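Below is one structure, written out as structure tokens; the observations come after it.
The values are calculated or read from the model by the stated rules, or taken from the named source; none is laboratory data. Please read these numbers as outputs of a predicted model, since none were measured by experiment. Note that we place each Cβ from the backbone using ideal geometry, even for glycine, and neighbour counts take in every protein chain shown. Surface areas here come from the heavy atoms of the whole protein model, side chains and all, with no ligands, DNA or RNA. Shrake-Rupley method; radii C 1.70, N 1.55, O 1.52, S 1.80 Å.
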Amino acid sequence: MSKSKQIQSPKGMHDILPEEQKYWRYILKKSVSVIEDYGFERIDTPIVEFTDLFLRGVGENTDIVEKEMYSFKTKGGDDLSLRPEGTAGIVRSYIENGMQVRPHPVKLYYYGPMFRHDQPQAGRYRQHWQLGVETIGDASEIVDAELIFVGYKILESLGLKNYNVHLNSLGDAQSRAVYLRALKDFYKSRLKKVCGQCKSRFKSNILRMLDCKEEGCREVSKDAPPILDFLGDEAKRHFKRLIEILDECKIPYLLDQRLVRGLDYYTHTIFEFIPEPEEGKENQLALGGGGRYDRLIDMFGGPKTPAAGWALGIDRIVMALKQNEVNVPTISIKPKVFLSQLGDAAKKKSLLLFENLRKAGIEVKSSLGRDSIKSQLRIANRYGVKYTLIFGQKEALEGTIIIREMSTGIQETVLLEKVTDEMKKRLKQ
Ligand code: HAM
């Protein structure tokens, strides 16, 4: 970078400034409390993994792996990638750490940044944050239902309304193979009408032709055969039971034949939490999505183990909270006391004094780097504190301190050792 060029964050990656943090803290606090109530335990995996993990897990022909991965060779010659998603790393960790011996299902959750080199736009970033959950070791549809239920309840608890659970099933490997053949037959005679990208998807990842956002492709795929018609008996039963449970729990869902998800590991249930379309805006970005992935663990060399999970996109949820004008509590607590100091002896003792006040639960601010009392009082005024403590050279030598009531300007000198108790007493009144 040349010296004259202004430094900036990489394209598609943004800072989360102090004034934005309240949204992130609000989402995390509320969601984690629900997730932990449902028995999920936190896990953290590295933000880089061997590239091969994503090639095999997410799928070589997916957009994520083909176009969006940040991959690099290390000085030691390893091929690594910044994680584009969390599930592959969790499954790797499950196998590597022998979690098969734990009581099943193993319920895990994670929170952290993911990286996708996509074209940045509102709600689509190159570094985005996900909060995800995975239930490993249970094939029952009640697990799918619980996951959808928990995701729905989290969004509800955040104060978000007007979104739907879009639901579909990809069936098992057998029914999928039959379906893919039917799709091939369907698109073969319509290839002239689809976009260039779909023409190559026809060869590499035909399912993704169904969720192409291009107008012409959408028009064509309207008549595509629905996957639900191709499910085998077991897949049909799984999906039917899931729907019955969702009905019972009053979770609103939409059967969405176009939903296919952009990752290859899914089997059976897939779902996304999508805001209702606004006028003039057809394609709403999903706030989260997930599904069942019964084959991923044995594909990575582990024992045959069914699993399912989802991830919420935190950046998008922050956007939705703002759009919906949800009242989010502020983080910064208004300080009640300002500690000002003057002279060398006082400055030296100020740090410990501040710590004593803080430990006593008093919300105190200071500006210890400053030397002028005038500028410190100005800052105290800006914070709107009730009291300023003035700790000067004379007071430091005498072991006293001045308490100034800001609204009246009345000052009183007290013994330094009594100041914490005195402040506690005054703030209680
Ligand atoms: P995903 O749908 O690719 O699923 O991502 C989950 C969520 O992350 C999306 O619904 C969206 O809200 C958010 N997201 C994805 N890409 C971006 C982006 N470029 N910018 C902002 N937000 C984004 C997965 O990643 C799966 N691992 C979920 C899962 C867990 N499936 C089973 N277990």
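Every residue in the stretch 78-94 that is open to solvent by less than 40 Å² (accessible area, probe 1.4 Å) and more than 22 Å from the chain's Cα centre (by Cα), please. The one that is open to solvent by less than 40 Å² (accessible area, probe 1.4 Å) and more than 22 Å from the chain's Cα centre (by Cα): 80. Scanning the stretch 97-119 for residues that are crowded, with 16+ Cβ neighbours inside 10 Å and out of contact with any strand residue (DSSP E or B) (no Cβ under 6 Å at 6 or more places or on another chain) yields a total of 3. Any residue at all in the stretch 219-237 that is touching a residue at least 12 places away in the same chain (Cβ under 8 Å), out of contact with any Asp or Glu (no Cβ under 7 Å at 6 or more places or on another chain) and assigned to a strand (DSSP E or B)? No, every residue in the stretch 219-237 fails to be touching a residue at least 12 places away in the same chain (Cβ under 8 Å), out of contact with any Asp or Glu (no Cβ under 7 Å at 6 or more places or on another chain) and assigned to a strand (DSSP E or B). All told, residue 185 falls short of being among the charged types (D, E, K, R) and either in contact (Cβ under 8 Å) with a residue 40 or more places away in the chain or outside any helix (DSSP H, G or I) (or both).
Of the residues 43, 64, the single one that is surrounded by 12 or more Cβ atoms within 10 Å (Cβ to Cβ), under 30 Å from residue 322 (Cα atoms) and touching a Pro at 6+ places or on another chain (Cβ under 9 Å) is 64.
If residue 29 satisfies all but one of (1) surrounded by fewer than 16 Cβ atoms within 10 Å (Cβ to Cβ); (2) within 14 Å of the ligand (Cβ to nearest atom); (3) outside any loop (DSSP other than H, G, I, E, B); (4) of a type in the set (D, E, K, R), what's the number of the condition it fails? Among (1) surrounded by fewer than 16 Cβ atoms within 10 Å (Cβ to Cβ); (2) within 14 Å of the ligand (Cβ to nearest atom); (3) outside any loop (DSSP other than H, G, I, E, B); (4) of a type in the set (D, E, K, R), residue 29 violates only (2). Checking each residue in the stretch 336-371 for being closer than 15 Å to residue 403 by Cβ and charged (D, E, K, R) picks out only 336. Please verify whether residue 213 is modelled with pLDDT under 90 and of a type in the set (Lys, Arg), treating the condition exactly as stated. When the stated conditions are applied, residue 213 passes them. Of the residues screened, residue 52 is not one that is open to solvent by 40 Å² or more (accessible area, probe 1.4 Å), of a type in the set (Asp, Glu), in contact (Cβ under 8 Å) with a residue 12 or more places away in the chain and not in a helix (DSSP H, G or I). Annotation: of all residues in the stretch 169-224 being open to solvent by less than 90 Å² (accessible area, probe 1.4 Å) and acidic (Asp, Glu), the one that is farthest from residue 283 (Cα to Cα) is 172. Pull up the stretch 373-407, narrow it to residues that are polar (S, T, N, Q), in contact with a helix residue (DSSP H, G or I) (Cβ under 9 Å, 6 or more places away or on another chain) and in contact (Cβ under 8 Å) with a residue 24 or more places away in the chain, then point me to the one that is surrounded by the fewest Cβ atoms within 10 Å (Cβ to Cβ). The residue in question is 393. Among the residues of the stretch 240-257, are any open to solvent by 60 Å² or more (accessible area, probe 1.4 Å) and under 28 Å from residue 68 (Cα atoms)? Checked against the condition, which is being open to solvent by 60 Å² or more (accessible area, probe 1.4 Å) and under 28 Å from residue 68 (Cα atoms), the stretch 240-257 yields at least one hit. Against the list (1) surrounded by fewer than 22 Cβ atoms within 10 Å (Cβ to Cβ); (2) within 10 Å of the ligand (Cβ to nearest atom); (3) not hydrophobic (A, V, I, L, M, F, W, C), the condition residue 162 fails is (2). Residue pairs whose Cβ atoms lie under 6 Å apart, separated by 6 or more positions or on different chains, with the first residue in the stretch 286-302 and under 14 Å from residue 90 (Cβ atoms) and the second part of a strand (DSSP E or B) and within 6 Å of the ligand (Cβ to nearest atom), are 290/309; 290/310.
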